[in-house]
1. Name the residues in the range 90-103 that are without any contact (Cβ under 8 Å) to a residue 60 or more places away in the chain and open to solvent by 10 Å² or more (accessible area, probe 1.4 Å), would you?
2. Of all residues being in contact with a Gly (Cβ under 8 Å, 6 or more places away or on another chain) and either in a loop (DSSP other than H, G, I, E, B) or not hydrophobic (A, V, I, L, M, F, W, C) (or both) in the range 125-159, which is surrounded by the most Cβ atoms within 10 Å (Cβ to Cβ)? Just the residue, please.
3. Against the definition (assigned to a loop (DSSP other than H, G, I, E, B), out of contact with any Lys or Arg (no Cβ under 7 Å at 6 or more places or on another chain) and among the polar types (S, T, N, Q)), how does T109 come out, yes or no?
4. Right, A261: more than 29 Å from the chain's Cα centre (by Cα), modelled with pLDDT of 95 or more, among the small types (G, A, S) and not in a loop (DSSP other than H, G, I, E, B) or not?
5. Just give me the residues in the range 49-73 being under 22 Å from V327 (Cα atoms) and either modelled with pLDDT under 95 or of a type in the set (G, A, S) (or both), in sequence order.
6. Do we have any residue at all in the range 175-189 that's assigned to a loop (DSSP other than H, G, I, E, B), closer than 17 Å to T139 by Cβ and either at pLDDT 95 or above or in contact with a Lys or Arg (Cβ under 7 Å, 6 or more places away or on another chain) (or both)?
7. Given (1) touching a helix residue (DSSP H, G or I) at 6+ places or on another chain (Cβ under 9 Å); (2) touching a residue at least 12 places away in the same chain (Cβ under 8 Å); (3) at negative phi, identify the lone condition not met by G245.
Amino acid sequence: MGCMTASTGRRVLLAAPRGYCAGVDRAVIAVEKALEQYGAPIYVRHEIVHNKYVVQTLEKKGAIFVERTAEVPEGSIVMFSAHGVAPVVHDEAAAGKLATIDATCPLVTKVHKEAVRFAKEDYDILLIGHEGHEEVIGTSGEAPEHITLVDGPEDVAKVEVRDPSKVVWLSQTTLSVDETMETVDALKNKFPQLISPPSDDICYATQNRQIAVKKLAEDAQLVIVVGSKNSSNSIRMVEVALDAGASAAHLVDFAAEIDEAWLEGVTTVGLTSGASVPDVLVDGVLEWLAERGYGDVETVKTADESITFSLPKELRRDLRAEAAALVADRTAGTPSAE
């Protein structure tokens, strides 16, 4: 890598890739486009992505975030977050006469479709993920009678299946690759005929960001990950940095959350951000570090990312008119086209 700053010997290693993945970018733009096209308010079921700054910014533009479909007034537009929802949520929206926009990340949708397919073939599905995470709730809802959650290697001992010859594993897309494979290995030891999904469930962006943070940890005594506390992929990056050899690693939403004591004795800081973090937040941390003598910034590039996803198809329709028609159907007492 390049030379360190002569005056201070302090530097920042900036990970590339970092920040927004294609699914997050699509979801955030979808909210902005919906507000432009249909006007406020646009209701969003759960946080569109797990980032405090993004949510607050969209709220100022007219998005209203709710935890339950029942909180959305009849005749409104509701958007489903990038994490996906269970089929019952679609049913709730139809019953509530709501027009919907599905901003589920296509990579999460892929896992949902895998769950449906394997359930139809009567497999027991072992879903590796974290209990209570929105993505896990959504995927489990596709086939609850077939899916068992496995929350890490320590859960494997208590897993039971009907037929060890008909077992498949799927995973939450934002997990640590290493921990997931540790869980898979433990499952294969218990169920030697365990089938793997047709393609890797862990998101390409999650994998790329974890590879990049491992590279940072080779040279950085301190790794700072910009991301929110409820962001699974951001939390995993802190864990990956520590496992890869960093002396310390911390998760912060904003530069103001950094403790100057973390910098004591540190000459090299690694900096990266979770897949739902806009660059403006990373820029703020770079400015904060520069003010404290860490002005030499080197980019550590480990992958190129060129994947993009098209916006939800619902943005090409007049959803306000559709919502009004749904309400009119109910008022007239006639069956809805739904």
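1. So in the range 90-103, the residues without any contact (Cβ under 8 Å) to a residue 60 or more places away in the chain come out as 90-93, 95-96.
Within the range 90-103, H90, D91, E92, A95, G96 meet the criteria.
2. The qualifying residue surrounded by the most Cβ atoms within 10 Å (Cβ to Cβ) is T139.
3. Numbers: assigned to a loop (DSSP other than H, G, I, E, B): no; out of contact with any Lys or Arg (no Cβ under 7 Å at 6 or more places or on another chain): yes; among the polar types (S, T, N, Q): yes.
So T109 fails the test.
4. Numbers: more than 29 Å from the chain's Cα centre (by Cα): yes; modelled with pLDDT of 95 or more: yes; among the small types (G, A, S): yes; not in a loop (DSSP other than H, G, I, E, B): yes.
So A261 passes the test.
5. Of everything in the range 49-73, those that are under 22 Å from V327 (Cα atoms) and either modelled with pLDDT under 95 or of a type in the set (G, A, S) (or both) turn out to be A63, A70.
6. Step one: filter the range 175-189 for residues assigned to a loop (DSSP other than H, G, I, E, B), giving 175-176.
From what's left, closer than 17 Å to T139 by Cβ: 175.
Retained after the next criterion (residues that are either at pLDDT 95 or above or in contact with a Lys or Arg (Cβ under 7 Å, 6 or more places away or on another chain) (or both)): 175.
Yes, the range 175-189 contains at least one residue that is assigned to a loop (DSSP other than H, G, I, E, B), closer than 17 Å to T139 by Cβ and either at pLDDT 95 or above or in contact with a Lys or Arg (Cβ under 7 Å, 6 or more places away or on another chain) (or both).
7. Exception for G245: condition (3).
The values are calculated or read from the model by the stated rules, or taken from the named source; none is laboratory data. Just so we're clear, the structure is a prediction, and the values are computed from it rather than from any experiment. Neighbour counts are summed over all protein chains in view; Cβ atoms, including those assigned to glycine, are modelled from backbone coordinates with ideal geometry. SASA here: full protein model, heavy atoms, side chains in, ligands and nucleic acids out. Shrake-Rupley method; radii C 1.70, N 1.55, O 1.52, S 1.80 Å.
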